[in-house]
Amino acid sequence: MDNDPIQVQTEGGFEPLVYKNHVTTILQNIISMLIGLGFMALVMYTSSGNSLEMGRFGLCLIGAVAVMMSLVYVRIWMKTTYTFNETELTVFKDTVFKNLTNIQYSKMASVNVRRTVLNHIFGTTTLLFNINSSINAVKAEATLTLKTADADVLREWVSGRILSKPMPLVDDRQQETLVEVRNIDVILHGFFGQPTTSSLVGLASLGYSILTMFTGSGGLVMALILFGVSSVLPWIRTILRYYNYRIYRVGDTITVESGLLNVYRSSFNTKKVNSIRVREPLLARLMGKSLLEAEVVGLADSEGMPLLCPLKSKAVVRKLANEIVPEFIFDCENGNQPKESFIPTMGIRVLASVISMIMGLSLLAYVMFVVGEPANPILRYILYAAYAILIIVIPAIIIVHGLLAQKNREFAMSSETFLFVTGAYDRQTDYMRYDKVQIASVTAGILQRRFGVGRCTVNIMSSKGVMSLTSGIFRKDELEAVGQEVIARIRDGRYDYRRYQ
């Protein structure tokens, strides 16, 4: 279907562009619906004991729902229009209820591009229009699917109004990536770039699956599903998302492109970046690798923070950070937690370790002196493992966590940004602008007050709403300097909101 814009003449001489979604959006919605209904049908069929009568009833019910929803999708497509005026985008929906949404270009953070398999088949492109706001942060305020040629022209036109300067796509496409990311790097990123807790959940699910398979206690299918959802699917999704990765910067605009089956393209201005994060999961640290992320409000991405560099060596990530976001990066000299923080850091961990050991010894005493050891050798091995985990493994993990936290955590300030280095097994470095801080507070517990130390918590806007970041344990007067600097910049005029519009 030809989707040329309908031009409407106005008195001021500007001709608004009126679009409708490409007709293939109906097919895309129907396919997504059928996948969900098919899963429901499978659950109904298996839960009914593979009854043919229940299967036929489920198919008829699902068929009726599919037909009804298809008609709804057709009406939504027919009754939704997108009007691009001189200063704003107007989305009008006249379906069950009338809805009119006005989105000013000056309030937009970016126009992102997404090309799914269906987009490739039909030669279309989906544009995502995102507001620079934490409200409804992971979903675009408006999406529009057009023929690729039309979408490129429209994106260039709207991006020029967002950034108040021309955004020619031809110039963008000639830019070379600032970091060479091989596809093997993306595969390693999918496996080793996940937080350690996610990896542990996946390993626990896999271990439970193996245990149920040997003991025949049931639950194997559910355990395998849990392992797939917690580990396998995130690995596959990450690999597909960041395959063919490239990043470049033109002026103040950063562009990230990636994707194997679905192609994603995001452009954003550096003034919209609230913080930069260098993340080092435990397995990645053991390999000497890290990854680079940016906190950009309004990118509407369910994946979270935009990825500026998949898993690469620390030297490569540092070099890229200095090239792509030099406004944030600065050198930190020995900003580790002071010696006064050692007892407050370890105190709660020693207590947790003692509690774990007491639980393990209590379980051991209860089995030995009350109920006796089970006759089943598998159950005995399970009990032996529980003793070892409660008495040795968990206390060791907790104590080592505290020692690494004391060693790894850092805090430092520069003229425009400051950083928190947090974590123990996983290490995370956040560079933040003073001008983006909404709230900065310093708190101290009973033990921390005794040693004159505390924690600083700052709130900033993020791609998924308001985000809180808490520092390690440092001297209170050092941490209070963050809030004092924020207030001082407002009072002496160094903070100017117009710099970030």
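The values are calculated or read from the model by the stated rules, or taken from the named source; none is laboratory data. Note that the coordinates shown come from a computational prediction; the quantities given were computed from them, not determined experimentally. Glycine gets a Cβ as well: all are built from the backbone with ideal geometry, and neighbour counts include every protein chain shown. Areas reflect the complete protein model, heavy atoms only, side chains present, ligands, DNA and RNA absent. Shrake-Rupley method; radii C 1.70, N 1.55, O 1.52, S 1.80 Å.
Packing order of peptides 241-253, 359-371, highest average first: 241-253, 359-371 (average count of other Cβ atoms within 10 Å over each peptide's residues). Here region 322-472 has 65 percent of its accessible surface on carbon and sulfur atoms, given a 1.4 Å probe and all protein chains in place. For region 268-366, the solvent-accessible area of protein heavy atoms averages 41 Å² per residue (probe radius 1.4 Å; ligands and nucleic acids excluded). As a quick test, which of the pairs Lys271/Lys407; Lys20/Lys98; Lys93/Lys271; Lys289/Lys476 have an alpha carbon distance above 25 angstrom in this structure? Exceeds cut-off: Lys271/Lys407; Lys93/Lys271; Lys289/Lys476.
So for each of 188-200, 269-281 I average, over its residues, the number of other beta carbons within 10 Å; can you give me the resulting order with the highest mean first? Numbers along the way, then the final one.
Values: 188-200: 18.0, 269-281: 21.7.
My ranking of the peptides, most packed first, is 269-281, 188-200.
Accessible surface ranking for Ser110, Ser468, 1.4 angstrom probe, highest first: Ser468, Ser110.
Per residue, what accessible area does region 409-500 have, given a 1.4 Å probe and all protein chains present, in Å²? Mind dumping the intermediate values first?
Values: 4310 Å² over 92 residues.
For region 409-500, the solvent-accessible area averages 47 Å² per residue.
Highest mean packing first, where packing is the average number of other Cβ atoms within 10 Å per residue, the peptides 231-238, 476-483 line up as 476-483, 231-238.
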